[in-house]
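Derivation of every value follows stated rules applied to the coordinates shown; laboratory data play no part. Keep in mind the model is a prediction, meaning the values are calculated, not measured. Cβ atoms come from the backbone with ideal geometry, glycine included; neighbour counts cover every protein chain shown.
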Amino acid sequence: MKVRKAVIPAAGLGTRMLPATKTVPKEMLPLVDKPVIQYVVEEAAAAGIEDILIVTNRAKSAMDDYFDYHPELEERLLRSGKEQEAATIRRCADLCNIFYVRQKETKGLGHAVWRARNFVGKEPFAVLLGDDVMKSKTPVLAQLISASEKYGCSCVGTQQVEDSQISKYSSLKLSPLDGRIYTVHDMNEKPGPGEKFSNFAILGRYVLTSSIFDILERTPPGHGGEIQLTDALKELCRKERMVAVEFEGRRYDTGNLKGFLEATIDFALENEESGPWLRQFILDKAAELAYNCRS
Ligand code: G1P
């Protein structure tokens, strides 16, 4: 099953990053020199996705503008000999074919994905959560696509999280299939004490068959009064085969300050321009902190 289309739900209100996200969408906050959403779009493009639908809301038109051409700015840059900068901003707009749909009401992740039904049609498709950024050798989505192609079924991306963290995620009931690939039997969204299936959490990447839309159509509100993708996936994995890939790479939840800062530091250390001086800055800072602790 060839996966050509991806959906990026990016309609959340960004309440964990206020006041920064009062007027700037959380997906547009810069991680070093690019907005968060660009990392997600680049991962999809690197995994062979051709068409992307971003599910937005009325406060997020900065995203549409970002992936558009900006002729005046390009012309100005070219006139002042900044060819590289002009090429960089042009490249953002040419990463993929990007489409937009609004989630007119904030009714949860399941409802946001359901908004993509006309865009997707009957094909298998990928879902990449707009604030989950990955750092990996092989794009995380490509790892999921190859498992879903191998087994001809839906696939979710997973990693084990700490006991104290599983209540933030969808917890999976799995059995081993082949190496890092597992069969999915069940799952529950944000399990309370004593409710988790395991510490394997779904972390922001999915490849789904279009059967999910019929299920989402009649999925009632669940955790937090919202239509949960997990509740629909729970039904999908009973009806059809579903696998989970324990992906290689590091995931950052950039929708909260801790994940955002960790991603900023890791990406800045990797960046050609900022890497060398930041490394030195961190070493100096660490020495200063150690000195202050001793004295
Ligand atoms: C969402 C999903 C959850 C998933 C998590 C991490 O939760 O509902 O199942 O485990 O993303 O990708 P949220 O972060 O929106 O609370």
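Taking the criterion of being of a type in the set (Lys, Arg), under 25 Å from Ile212 (Cβ atoms) and in contact with a Lys or Arg (Cβ under 9 Å, 6 or more places away or on another chain), would at least one residue in region 56-76 satisfy it? Before the answer, list the steps.
The first filter runs over region 56-76 and keeps only residues of a type in the set (Lys, Arg), leaving 58, 60, 76.
Among the residues that remain, those that are also under 25 Å from Ile212 (Cβ atoms) are: 60.
Narrowing further to those that are in contact with a Lys or Arg (Cβ under 9 Å, 6 or more places away or on another chain): 60.
The answer is yes; a qualifying residue exists.
In region 147-155, is there at least one residue being more than 15 Å from the ligand (Cβ to nearest atom), of a type in the set (Asp, Glu), surrounded by 13 or more Cβ atoms within 10 Å (Cβ to Cβ) and part of a loop (DSSP other than H, G, I, E, B)?
Taking region 147-155 first, the residues more than 15 Å from the ligand (Cβ to nearest atom) are 147-153.
From what is left, the residues that are of a type in the set (Asp, Glu) are 149.
Pick out the ones that are also surrounded by 13 or more Cβ atoms within 10 Å (Cβ to Cβ) and you get 149.
Add one more test, that the residue is part of a loop (DSSP other than H, G, I, E, B), and what stays is none.
Taking every residue of region 147-155 in turn, none turns out to be more than 15 Å from the ligand (Cβ to nearest atom), of a type in the set (Asp, Glu), surrounded by 13 or more Cβ atoms within 10 Å (Cβ to Cβ) and part of a loop (DSSP other than H, G, I, E, B).
Of these, Glu27, Glu43, which one is among the charged types (D, E, K, R), surrounded by 22 or more Cβ atoms within 10 Å (Cβ to Cβ) and out of contact with any Asp or Glu (no Cβ under 7 Å at 6 or more places or on another chain)? First the steps, then the outcome.
Details: Glu27 fails: out of contact with any Asp or Glu (no Cβ under 7 Å at 6 or more places or on another chain).
When all the criteria are applied, what remains is Glu43.
For region 123-137, name all the residues that are buried (at least 21 other Cβ atoms within 10 Å of the Cβ) and either assigned to a loop (DSSP other than H, G, I, E, B) or of a type in the set (Val, Ile, Thr) (or both). Steps first, answer last, please.
Start the filter on region 123-137 by keeping residues that are buried (at least 21 other Cβ atoms within 10 Å of the Cβ), which leaves 124-134.
Selection gives Pro124, Val127, Leu129, Gly130, Asp131, Val133.
State all residues of region 208-267 that are in a loop (DSSP other than H, G, I, E, B) and within 14 Å of the ligand (Cβ to nearest atom); if no residue qualifies, say none.
Of all residues in region 208-267, those in a loop (DSSP other than H, G, I, E, B) come to 209-210, 218-222, 226-228, 240-241, 247-249, 254-256.
Thr219, Pro221, Gly222, Glu226, Ile227, Gln228, Phe247, Gly249, Thr254, Gly255, Asn256, listed by residue number.
Of the conditions (1) surrounded by fewer than 16 Cβ atoms within 10 Å (Cβ to Cβ); (2) farther than 29 Å from Ala147 by Cα, Met1 clears all except one; give me its number.
(2)
With respect to Ser164, determine if the residue is closer than 19 Å to Asp51 by Cα, of a type in the set (Gly, Ala, Ser) and away from the ligand (no atom under 14 Å from the Cβ). Break it down into steps so the answer makes sense when it comes.
On the way: closer than 19 Å to Asp51 by Cα: no; of a type in the set (Gly, Ala, Ser): yes; away from the ligand (no atom under 14 Å from the Cβ): yes.
So Ser164 fails the test.
Any chance region 271-293 includes a residue that's within 27 Å of Gln143 (Cα to Cα) and either among the small types (Gly, Ala, Ser) or without any contact (Cβ under 8 Å) to a residue 24 or more places away in the chain (or both)? Don't jump to the end; show me each part of the working.
Within region 271-293, the first condition is being within 27 Å of Gln143 (Cα to Cα), and the residues that meet it are 271-272.
In the following step, the residues that additionally are either among the small types (Gly, Ala, Ser) or without any contact (Cβ under 8 Å) to a residue 24 or more places away in the chain (or both) were identified as 272.
Scanning region 271-293 turns up at least one residue that is within 27 Å of Gln143 (Cα to Cα) and either among the small types (Gly, Ala, Ser) or without any contact (Cβ under 8 Å) to a residue 24 or more places away in the chain (or both).
Which one is nearest to Lys5 (Cα to Cα) among residues in region 156-176 that are outside any loop (DSSP other than H, G, I, E, B) and β-branched (Val, Ile, Thr)? Outline the logic, then answer.
Filtering region 156-176 down to residues outside any loop (DSSP other than H, G, I, E, B) leaves 156-160, 166-168, 170-176.
Subsequent filtering for residues that are β-branched (Val, Ile, Thr) retains 156, 158, 166.
Numbers: Val156: 16, Thr158: 21, Ile166: 29 Å.
Looking at residues that are outside any loop (DSSP other than H, G, I, E, B) and β-branched (Val, Ile, Thr), I get Val156.
I need a count of the residues in region 177-207 that are part of a strand (DSSP E or B), more than 14 Å from the ligand (Cβ to nearest atom) and out of contact with any Ser or Thr (no Cβ under 8 Å at 6 or more places or on another chain).
Total satisfying the criteria: 2.
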